[in-house]
Structures are given as C-alpha cells and as structure tokens.
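Before any comments, here is the structure.
The values are calculated or read from the model by the stated rules, or taken from the named source; none is laboratory data. Computed from a predicted structure; not experimentally measured. Cβ placement follows ideal geometry from the backbone for every residue including glycine, while neighbour counts extend to all protein chains displayed. Just the protein is used for accessible areas: all its heavy atoms, side chains included, with ligands, DNA and RNA removed. Shrake-Rupley method; radii C 1.70, N 1.55, O 1.52, S 1.80 Å.
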Amino acid sequence: MNYQSLTGEWRFRQVGTDEWLPATVPGGVHTDLLALGRIPDPFVADNEKKVQWVAETDWEYRYHFAVAAEVLAQPCVWLVGDGLDTLAAVALNGRSLGHTNNMFRQYRWEVKDLLQAGENELLITFPSPVQYISAKQAERPLPGVSQAIPGGPYLRKAPCQFGWDWGPQLPPIGIWKDIRLEGGPGPRLDDVHLRQQHANGQVVVSAALSVAGETSASLSAQLQVTAPDGEEWLAETAVSAHTALNITIANPQLWWPNGYGDQPLYRVAVALREGEEVIDQRGYQLGLRTLELRQDPDEWGRSFEFVANGVPIFAKGSNWIPADSFPTRISDEYLEALIRGAAETHQNMLRVWGGGFFEEERFYDLCDKYGILVWQDYIFSCSVYPLDDPEFLDNVRLEVQENVRRLRHRASLALWCGNNEMEWGWADWGWTRPDLADMKAAYDRFFHHTLAGWSTTLDPDTPYWPSSPSSDTPFENPNGQVQGDAHYWDVWHGRKPFTAYRSQFPRFMSEFGFQALPPLATIRTYAAEADWNMTSYIMERHQKNDSGNSLMVGQMLDTFRLPKDFSSLVYLSMVLQAEGIRYGVEHWRRSRDRVAGTLYWQLNDCWPVASWSSIDYFGRWKALHYAARRFYAPLLLSVEDAPPRQGVYVTSDLRDTWQGSLRWSLETLDGEQLAAGEKAVQAGPLATTPVHVFDFADQITDDSRRNIVFVAELWQGDGRVARQTAFFAPSKHLLLSDPQVRATCRQDGDQLQVALNGRSLARLVELSLDGADVVFSDNYFDLPAGRTTTVTCQLPPEWSLPQAEAALCIRSVYDSF
C-alpha cells in the first residue's frame, strides 16, 4: 500500500464569506482562529461565552495537492479520513464523495477516477453541530445534562464537548485525525482479529483475517511475532474465505497490570502479499495475559473482580476524560505524563468514561506500556438517546464495529461498558414517564440485547457490562451493594460527611469524588488577582457544577478553620479533597475481600477549572494525586479511627507474605510521648491483615484530645515503609502551633533532596518551588514533631542548589489561618 498524507497547511473560511485563512490539519476551527488572533483564548476569564458563535456557524476547509506518482499509478486509490468532526460534506475536484455524521468513525471513499495528474482540490464543508442538535431537540426534547447545550445525544460526537459539570461548551469542528490517500492494487486487509489461548505454559497467538476487494490464488497472508528479546516466529498461508494463522509461543513472558509484574510487549506484524510483494500490512503490540471479570456467588451476593493470569486484582485507579477540549492540541509528551502519573501513583486501571470519545492508538499504547487496565465505556452518557431511530442505530453499529476491531487485541483492555449512568437515570432520575416509554423500551433492547450482542460477537474475549453503575438486573437498584458496580455521590452532591464513605460496601466502586480548586499557578492563567474570590464572577465561570464552590467551602469549614486568604483557601481545598478520597479508599481497601476496586472521579482535566481531578489541565499534581501514591501503595497502612479507639490494618496487594513491624506512639502535638510500642506484622498476600485495635480511653480526656496525635509507622528492617497519623478531634479544633519546619537541602546529581524536621506537628505539609513545576517524591503529608522526613524532586534544568533553596516554599495547615 502506498500512502500520501493530506495533513499540514490547509485553508479555511466561514461559509458565506470570501476570505480564506491559513489552517492546520489535524486541527479545528477554534484552534485555527485562536492561532490567527481572531478569537480570544476560550480558557481565559469568561471568553468561553464570547466564542459560542464559532460552533453555531458553518465552515469550509480546502486543500490543494498534487498526487504522488506512485499513488496515482495504483489501480485503486482511496481517500481515508480517520476523524471528521462531525457533520461534513466531502467533495473532490468538484464532485461530491459523501457526508459524515460520526466523529468516532473512519470514512473511506474510492477516488481513483476523480484524481488528476495536476492540481487537485479537496473541499470539506462542516455544518454547525449546534444548529443541528438544536433543531433535533426542538422536534423532540430529550433529557440530558443540564450544563450542556441541549440536543447533544442526537449527534455522534463527544458528549462532553457540548458542556459538562466540569467542562466548557466548546464543541470543536474540523479534521481531528489523520487524512490521507491510500493506493494499492485492490485487495487490502479489512479486518485482523488477534486472539491468544493459554494452556500448559504455552500461548497460541492466532490471527483471523478478512480481505476486501477481489482476491486471487496468488494472495497469501503472513503472521510474524517478535518477542521483547528479539526471538521471532513466522507463519504463512494462502488467502481463503476464512484465512487464519497460528503461532505457538513456548515459555511466554506474561503481561501484568501495574504493581503485579512486568509489561513485556510482543510485536506482531500481519502482511498481505501478492507473490513476493507486500500489498498491505498492519502492526500491533501484544501483551500475553489472561484476564477475566469474575462474578461468583459469595456471602454478600456476587463478586465483581478482575483476575489477571489467575491472580485476583484489586483495581486501583481513576476515571479518564478527554485531556483537552480541543483534542488535537494533546501532545505525545503531555499524554504520556498523564498516564505515567497514574502508574507512578500505583494505579492499575483507568475508566475511559462514556461522555468523551474512544481514545487514539497512542493512549492505549501507553496503557499497555505502563500496565494500566482500561475499562472502556461505549460513548453514551447521562442522557436519553434516539435509540428508536434505525438510521442512528446503523451509524452506531458501524462505530462499534470499527472501534471494537481496533482495540480488542489490547493487553490493557479489560471491559466494554454500555454507557455511563443511563440505567441510573431510568431508575432514579425521573426519566420513567409516559412520554418517554418508547425510549425506555428502546434503551432496554439496545443496551441489554443489541449492543451486548455486537460487543460479544466482535470481541468474545472481553466482558460486556450494560451500564455503569449497574446491578446487571435492568433498572433495579443500579447502585446496589450485592452485585455489580456502584457510583457514590452522596458526599459531594448530597453534602454528607466523609465518614459516610464507611457506610458503603460496593462490590466495585467505579465513581466517587470530591472537588478542589487547581493550584494557584493554574488559577492565575484564567483569573486576575482581583477575581481571587470563591464567589467572584470569573471563579464561578470556571466552576461548572452548580453550587460547587459553596459545597467545597461548606465541607472545608467542617474540617478546617476559616482560611486567612485566597492562597490558603486554594491550599485547603486541595488537602480537603485528598483527605476525603483517602478516607474512602482506605476503607474500601480494608474491605478487600468484599470490594474489588476503586476508581475515583477523576484523573485529569480538559481545561483549567475547579473540578474533581487529581492532575490539573497543565499537568500539575494536586494534593489528591500525591495522596493516591500513598493510599494506592501496594502495601497500605491504614487507621480506622473511632476515637478513642484507633484500629490499625495492613492491606497487601503483594503476591507473597510480607513481614515487618508496626511502631506506634501516642504523643502530644509537640512530640511528648505518652505511650509507645512495637508489634510484629505478618501481612498475608492479596489480603487485609488486622494488626491491632488500640483503645486510648484511659489516656484521652475532653481537655487533652485536641493536643494528641496517634502515630503509626510500618517498618521493615531499618526502612520505614509507611506512616499514618490519626487524631481525636477535628483538624480545625487541634491546638496547632507554629511547627517551625526546617529544611536541609542537598544535591545528588540532578536530584534535589530536602530533609524536613519540625518542632511540633506540621499537618499536611505542602512543598513547592517558586518559579518551577516539579513533582516531589511525597507531598501534602503529616510531619510529626521531631521526626525527619526526606523528599526528593528533579532539580529544574540549569538550577543551582542555592537557587532551589531560595525558591523552596513550605506550608502546613497552621499557616492557613
């Protein structure tokens, strides 16, 4: 196959105008206008509303090109668009090729007869998506997301691009993926289905092929597998109606989720040959593993546990949203930093949420590389869709077929899920009413039968789940705790205290969360200092959840004292979020025999905003992300506090027994020891081990409880593995004094080492380097009096040690009031 890219410098214009402007493909109207200075940055201040006209307008993109001789010489030439967003009319040299209406699909047209040896013109007209959905919504209003432009479910476009409770109303328009010419003799690979069968210590890798176009006796297919160490296997066969190739791999190197083993990846090449000539080929990376969703009856109902290579996995992770409102701006480096950030905090699963889009290959490449399992939603979320429309369903059928075929070989792929929260909507959100009865019946047919059938036929090796949350019993108790997965939002939307998490024992917690502001450096990018107030107009424009800022402040004042300034409020919002999610995760990990996973909402942001994310839009780690590194650690030390009792537990994701000791002390905030001891710990593999429940009723009085802390440390030999602190009064009532934290800095190669020691307890210590974004080995942690803790970070390029010492900033809760 010969390829000619059609990406690069195009021209575009608003339909009805004469001025053609320079454009970049892949790209979109918003980013092209922004590059030209024709619109203000939609992410700054309230500019989002000033650019609404862009998506309400029709646009044209034009490209002039000469066809490469080797492409034009081929008997067949196709124009291939991997991603047109979304409504488009495509014409080549004045001849219409067709229309598109699905950003998740690839479109292909045979264009050999329309190409000419000289200049060719490709013209793509993009009608306004907003005008389209608004007209459809006027014909029949469908329930949807209150923060979105109404009518989004009528169009196969990323739902969140029309707005969400964390995202702006900025639906992109344009060519968002590769566009190219493909030339060949005619036959081409239409589908490759890679599978693997494990038995007796061997793996059989098979490839079932389908070939499009006229075939002949001279066609053959070849399968090549290359191991990480370079060993190769090769199989070849003649092309037939059912072409299949098999390779047996002895002593396979198994792929494991992050934290359970390594991620060796085999390279797979599939070639279609005509005689000695390769006329089409595809390449893949393949991790050899078994993976199942185990749902077995047990004393609580039915389990919901992922099992990799025979080992039960506690799913530790978060929910993934599109990483930019304008996805063509996402660089490889930025994307890898997000996925690596998940892996570095011991996460082993990301849920690709159904309000976004099927991600690009590079996303799944990174998940394979870092051992991140993918819970993949189909793209339906929080709305009623026109599933009674045959044309809509046929469009979705092709979308499902293309994307399942594209992704089903992935080592990281763990689950196909029908939708996000739509079963919950029918059960509890008031959708069940007479005028929507036909839509409920259509939902039932589609998600419990039609889509289930498509998914399992196309990918019999990956389980299908109808909705998230779901009990797997249609419309009944979707957030139940007997079977299935659950979303728990009573702490945020219901304003319950963090202690409410301990009342929940879901079989799998796939969503829960609490908001925080982003770091002040991020707020500076969209709000002037005059707007640094939680209820200012600009701050509320960058808060898309109704009453979100009020909810944050309310919970903050239940936990901490009133902050003294805006910077302190930002800091407290982040540590509040971290403490709340920690409280839930530690509880569910202690219940590992009953709860099989936690995915907090959410990992990332699509623009600078107050949200539930642990990494903000600019890649800055919030306090929650540092906390995740601790509460998702393979060996978790946790304290179940019920003052004056403190229960200590060790939860292990290790596959072998761990031995060490617990060192504990009851002490005043300034370090006077009231009681102490040490206990041997033997933590069983893949289990929670209760260590001891301490009852300090005799030592704690109403007068003293504000001045006492319980410190628990897990040690192995001379190394401290983990530390936890627990209190007997709310943080806002603690008798905190100035901890006078001292920092001793030294340089070790390109690493900055910071040794910290305080005169009294420093609660939730925050470290930062003024003028640089760095990731510390630990941050937002408690520092008990008299104990030294050393953290590290990479020294910023060209920084000296004195420069880093001068830029080091230290803050704790004491400094916030």
Practice task
Considering only the range 194-212, state which residues are touching a residue at least 60 places away in the same chain (Cβ under 8 Å) and either within 33 Å of the chain's Cα centre (by Cα) or open to solvent by less than 30 Å² (accessible area, probe 1.4 Å) (or both).
Solution key: L194, R195, Q196, H198, V203, V205, A207, L209
Exercise for the section: Examine the range 249-261 for a residue that is within 30 Å of A315 (Cβ to Cβ), hydrophobic (A, V, I, L, M, F, W, C), touching a residue at least 60 places away in the same chain (Cβ under 8 Å) and surrounded by 19 or more Cβ atoms within 10 Å (Cβ to Cβ), and state whether such a residue exists. Expected result: yes
Practice task
Kindly indicate the residue of the range 356-410 that is among the polar types (S, T, N, Q), in contact with a strand residue (DSSP E or B) (Cβ under 7 Å, 6 or more places away or on another chain) and buried (at least 22 other Cβ atoms within 10 Å of the Cβ) and also nearest to R195 (Cα to Cα) among those meeting that condition.
Solution key: Q376
Completion exercise
Within the range 636-675, residues touching a Lys or Arg at 6+ places or on another chain (Cβ under 6 Å) and open to solvent by 20 Å² or more (accessible area, probe 1.4 Å) come out as Y649
Problem - Check on P519, touching a residue at least 40 places away in the same chain (Cβ under 8 Å), in contact with a Ser or Thr (Cβ under 9 Å, 6 or more places away or on another chain) and within 23 Å of V374 (Cβ to Cβ) - result: no
Exercise for the section: Filter the range 168-193 down to residues that are part of a strand (DSSP E or B), at negative phi and open to solvent by less than 10 Å² (accessible area, probe 1.4 Å), then give me how many there are. Expected result: 7
Fill in the blank from the handout: Taking the range 608-635 and keeping residues surrounded by fewer than 24 Cβ atoms within 10 Å (Cβ to Cβ) and assigned to a loop (DSSP other than H, G, I, E, B) leaves P608, Y617, F618, G619, R620, A633, P634
Fill in the blank from the handout: Within the range 716-739, the residues that are surrounded by 15 or more Cβ atoms within 10 Å (Cβ to Cβ), of a type outside the set (F, W, Y) and within 36 Å of the chain's Cα centre (by Cα) are V721, A722, R723, Q724, T725, A726, A729, S731, K732
Practice task
Please determine, by comparing only the residues of the range 411-429 that are open to solvent by 10 Å² or more (accessible area, probe 1.4 Å) and touching a residue at least 60 places away in the same chain (Cβ under 8 Å), which one is farthest from F314 (Cα to Cα).
Solution key: W429
Fill in the blank from the handout: Those strands (runs of 3 or more DSSP E) completely within the range 773-817 that have 1 or more residues that are open to solvent by less than 50 Å² (accessible area, probe 1.4 Å) and touching a Lys or Arg at 6+ places or on another chain (Cβ under 7 Å) are 781-783
Exercise for the section: Inspect the range 145-160 for any residue being in contact (Cβ under 8 Å) with a residue 60 or more places away in the chain and in a strand (DSSP E or B) and give the result as yes or no. Expected result: yes
Practice task
Could you list, in sequence order, all residues of the range 476-516 that are in a helix (DSSP H, G or I) and touching a residue at least 60 places away in the same chain (Cβ under 8 Å)?
Solution key: F498, T499, Y501, R502
Practice task
Could you give me the residue pairs with C-beta distances under 8 Å whose first residue belongs to the range 395-406 and is farther than 17 Å from T462 by Cβ and among the aliphatic types (A, V, I, L, M), whose second residue is open to solvent by 10 Å² or more (accessible area, probe 1.4 Å) and at pLDDT 95 or above wherever it lies, and which are 6+ apart or on separate chains?
Solution key: L398/R105
Handout entry: Close pairs from the range 656-677: first closer than 21 Å to R645 by Cβ and modelled with pLDDT under 95, partner open to solvent by 40 Å² or more (accessible area, probe 1.4 Å) and not in a strand (DSSP E or B), Cβ under 8 Å, at least 6 apart
Key = none
Exercise for the section: For Q602, work out the one condition from (1) assigned to a loop (DSSP other than H, G, I, E, B); (2) of a type outside the set (F, W, Y); (3) farther than 29 Å from H542 by Cβ; (4) open to solvent by less than 10 Å² (accessible area, probe 1.4 Å) it doesn't fulfil. Expected result: (3)
Handout entry: Yes/no for T215 being modelled with pLDDT under 95 and either in a strand (DSSP E or B) or open to solvent by 50 Å² or more (accessible area, probe 1.4 Å) (or both)
Key = yes
